[in-house]
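The values are calculated or read from the model by the stated rules, or taken from the named source; none is laboratory data. These numbers were taken from a predicted model, which means no experiment stands behind them. Quick reminder, even Gly has a Cβ in these numbers, built from the backbone with ideal geometry, and neighbours come from all protein chains shown.
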Amino acid sequence: MLYRDLDQQTKEDLRNYFEERDYAVIAVPKEEPIRVYVIKADRVVETARRVHQLDPGSTILLGEWLLSALILSSLLKHGSPQKVLLKLSTPEYSLVAEADGMGRVRGFIGKGDPEGEETITVVKELRMGTPYTSIIPVVSKSIRENLLYYFEQSEQIKTALDLGVVLKEDGSVKHAGAYMIQTMGGTSPKVEELLLKRVRELPPYSQILSLGKRPEEFLEELIGDMKPRIVGLKEIEYYCPCNEEIAKASLSLLSMEEIEEILAEGPAEVVCNFCGRVYRFDRESLSM
């Protein structure tokens, strides 16, 4: 496995290369089976805010959900197009986010179902494109608490995590990020206890972000004495792959009668929920 020690040169290289970019770092201590994943996503969440024209409350809500999808994407094969789809359903609203192993993420806030149950659905693509679906109840108003419950129930991996979105006075995004720590089988009880103590003493991650901490700086403070090695890096971005062909294909879900009714009033419109792009199709473009 290729790796880089988290030394001064590595920190400088990361700062220089990712100065104007969002990114995620995966690190492990030299001698303990512990995995730490830290995300910087300022621009991702700001892009989502602008695309969806969100108010401050909705920016934080969707921002935390995008960060959740990025956290879960760390379970996918690194650098692969495999995806994880994450949906939160409540009577008031729904949150949808999708992320892949290449660091691409997108999402939106939709309408809730007043008569529906509060659930979280996680769909992961495994190898060979096989999907795995897990559905758990919503156990808290806190997205963090719901994620922890998911890891406890569905992944059964000892996990600690936190995420945060910090806004400027004008409502735009100043900082957004998250971290996840997982201890695997074989971690020494002494180190497990030490990590648990350190996590409990941490302030909310939004406060850490407000100090301008970068992922590698947080890593160093958390496990710097364990000789951490960086084993994975990826740039992350808000990315929507929708196009005219995909939009046109979505109309095939409608009956001919439904399409005729739409065309009688003008071109058929398809709006992408993830990025807001509008695609218009007249009778000729639909070959009708």
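A few points about this structure:
- From the options LEU263, LEU254, residue that is at pLDDT below 90, touching a strand residue (DSSP E or B) at 6+ places or on another chain (Cβ under 9 Å) and loosely packed, with under 15 Cβ neighbours inside 10 Å: LEU254
- Just one of (1) within 29 Å of VAL165 (Cβ to Cβ); (2) hydroxyl-bearing (Ser, Thr, Tyr); (3) not assigned by TED's automatic domain parsing to the domain that holds THR47 fails for SER255. It is (1).
- Residue match in segment 115-130 (condition: in the same structural domain as TYR205 (by TED's automatic domain parsing), among the aliphatic types (A, V, I, L, M), crowded, with 19+ Cβ neighbours inside 10 Å and under 23 Å from LEU219 (Cα atoms)): no
- Restricting ILE236, ILE246 to residues that are out of contact with any helix residue (DSSP H, G or I) (no Cβ under 9 Å at 6 or more places or on another chain), surrounded by 12 or more Cβ atoms within 10 Å (Cβ to Cβ) and not charged (D, E, K, R) narrows the list to ILE246.
- With respect to the conditions (1) touching a strand residue (DSSP E or B) at 6+ places or on another chain (Cβ under 9 Å); (2) without any contact (Cβ under 8 Å) to a residue 12 or more places away in the chain, ARG144 falls short on a single one, namely (2).
- In segment 222-233, residue surrounded by the most Cβ atoms within 10 Å (Cβ to Cβ) [restricted to those that are aliphatic (A, V, I, L, M) and not in a helix (DSSP H, G or I)]: ILE230
- Meets criteria (of a type outside the set (Gly, Ala, Ser), in contact with a strand residue (DSSP E or B) (Cβ under 6 Å, 6 or more places away or on another chain), surrounded by 17 or more Cβ atoms within 10 Å (Cβ to Cβ) and not assigned by TED's automatic domain parsing to the domain that holds MET102) for PHE218: no
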